[in-house]
Amino acid sequence: MAITVTVPPACVDPLRRSVLTLYQAKAEALQHASLRYLAGDCTLGQILERTEGLARIDRLLDQLGRGLGPAAEAREITTPGDLLREAAYGALIDVAESAAELVHRSWQSQREPAELVPALEWAAELAALVAEVERLVDQV
């Protein structure tokens, strides 16, 4: 089922990058299935499933915008809940890992902890988006 959510500006780029990573994985799966089909080890239906998966991701990218970098405004998106859930968790993992690296580097160099605040706020905003996606997916 499709869900609609407003993605805050700070979350658009990490979410977009996560969606692009999913796109790459699905494209590789389609390539693998195509090779298996040619070898007689896969059905045409399996290829079409992977093609539809890419089309779903493509529609989500249209809503998020194609360019990389910060977004100036929030984006309202409507997409299948399972796809958005996977992309949102992927974005949160990436941002949390980056924040953890920043904390570690800050601790090693004994930098001012205030420098960490923006990265941690960004992770908190993505965590709130993930929570909203989970709530919406549970409702459908």
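Here, each number is a calculation from the coordinates, and none is a lab measurement. In this text, all values refer to a predicted model and were calculated from it rather than measured experimentally. Cβ sites come from the backbone with ideal geometry, for glycine too, and all protein chains shown count toward neighbours.
Modelled label positions at Ala128 and Ser98, each set 7 Å beyond Cα in the direction of Cβ, lie 1.8 nm from each other. Neighbour counts of other Cβ atoms within 10 Å put Asp13, Asp62 in the fewest-to-most order Asp62, Asp13. Close amide-amide hydrogen proximity is noted between Ile3 and Thr79, Gly81, each under 5 Å apart and 5 or more residues distant or on a separate chain (H modeled in the peptide plane; Pro and chain starts excluded).
What number does the chain give for Rg over Rh if you use C-alpha atoms and the Kirkwood radius? Intermediate values should be presented prior to the final figure.
Numbers: Rg = 17.9 Å, Rh = 16.5 Å.
On the Cα set of the chain, Rg over Rh gives 1.08.
Look at the dipole of the chain built from charges on Cβ: of Thr4, Ala87, Ser34, the Cα furthest out on the positive end belongs to Ser34.
Counting every other Cβ atom within 10 Å of each residue's Cβ, Val19, Val103, Val7 order from fewest to most as Val103, Val19, Val7. Here Arg59, Arg16, Arg85, Arg50 are placed in order of increasing Cβ neighbour count within 10 Å, fewest first, which gives Arg59, Arg85, Arg50, Arg16. Between the C-alpha center of the stretch 90-140 and that of the stretch 52-75 there is a gap of 21 Å.
What is the sum of charges, Lys and Arg at +1 and Asp and Glu at -1, for the other residues whose Cβ falls under 14 Å from the Cβ of Val7?
On the way: positive: Arg16, Arg17, Arg75, Arg85; negative: Asp13, Asp62, Glu73, Glu76, Glu125, Glu132.
So the surrounding residues net to -2.
Which FRET efficiency, nearest 0.05, do Asp58 and Glu121 yield, Cβ-Cβ r, R0 35 Å? Here the calculated transfer efficiency is 0.70.
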